1. Mind ordering 157-170, 107-120, 85-98 by average Cβ neighbours within 10 Å, highest first?
2. Once the dipole of the stretch 3-187 is set up with Lys and Arg at +1 and Asp and Glu at -1 on Cβ about the Cα centre, which of T96, A24, V48 lies farthest towards its positive end?
3. Can you compute the radius of gyration and Dmax for the stretch 3-187, using only the Cα atoms, both in Å?
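What follows is calculated from the coordinates using simple rules that are stated; it is not laboratory data. Quick caveat, the model's predicted, so the values are computed rather than measured. All Cβ positions, even for glycine, are placed from backbone atoms using ideal geometry, and neighbour counts span all protein chains on display.
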Amino acid sequence: MGQGDREALRRDAKGARSPFLRLADGAVGLLDWSGRLIAFSSLAVLFVTLLLNVVLRYAFGSGIAWAYEIHALLLPWMVAGGVVIAAARGRNITVTLLPDMAGAVTAKLLAVTAQIAVVAICVGVLQSSQPILRASQFQTLSTLGIKQVWGYASLVYAFGGMGLIAALTVLRLIAGADAGPRDPASASLS
């Protein structure tokens, strides 16, 4: 595929992005919003529950018994939401020295290779976590009475989301999307 073909994939006659790139961007945006919703909801419920528990303990001498177990379910989901948000925004921890020094084609090749490695790692984690997920179906939180599989399911969301984002990134890069900002100063969060 020549440079002109790649450019045609990226833009139509009006200069708009190709339907595939728009669809991939939309899927990543949807994952970003799901991560935001999960992280915010988990944090809000944890905060309100623990605050209410503290107030009840000091006001009445006893609190909410299940408030001590709620973190076992919601903290993993809060972290999973943050992981998906970081992956969707391309803000996860990364070392960019080599791609920043390389040319555009080499940087894109390195980006594709890194994203394929992320997909492989995510698939490996999802496969290796299956025994834990099966075992957690039989573990119940004593006060809440909820199966612990609901907390461990955050692994599937986090690594499934990261893997899907990485796979979409590979397809986007192959379809002609840019590998990312070439100016390290503009990409830095510090």
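1. On the way: 157-170: 21.3, 107-120: 16.5, 85-98: 13.9.
Averaged packing, sorted descending, gives the order 157-170, 107-120, 85-98.
2. Toward the positive end, the furthest listed residue is A24.
3. 21.2, 73
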